[in-house]
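Just so you know, all these numbers are worked out from the coordinates, no wet-lab data involved. Note that the coordinates shown come from a computational prediction; the quantities given were computed from them, not determined experimentally. Glycine also receives a Cβ, built like all others from the backbone with ideal geometry; neighbour counts cover every protein chain displayed.
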Amino acid sequence: MDIEGIPQEIDDHHMIFGKGVTEVDYESIGLCPFCNSRIDEFSYCACGGNLGVS
Ligand SMILES: [Zn+2]
């Protein structure tokens with residue numbers, strides 16, 4: 001399945017995370033303690049803080 005018309009073989013996000021951008025679950029983790037934004041299922045936040053890896 002292509003995500004937004006990007007073939008999977010050249011989709012960097014799909015290569016790194018194994019799924020497309022629109023498939024990542026942002027709801028199950030909660031909010032970032034640093035910036036209060038949603039955190040994705042890998043515990044990464046756009047602010048650079050993350051809960052999983054130091
Ligand atoms: Zn954050």
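Quick notes on this one:
- Counted residue by residue at 0.36 nm each, then reduced by the alpha carbon distance between them, the extension gain from Glu23 to Glu9 reaches 3.4 nm.
- Relative protection proxy for 37-44, 5-12, from highest mean packing down: 37-44, 5-12 (other beta-carbon atoms within 10 angstrom).
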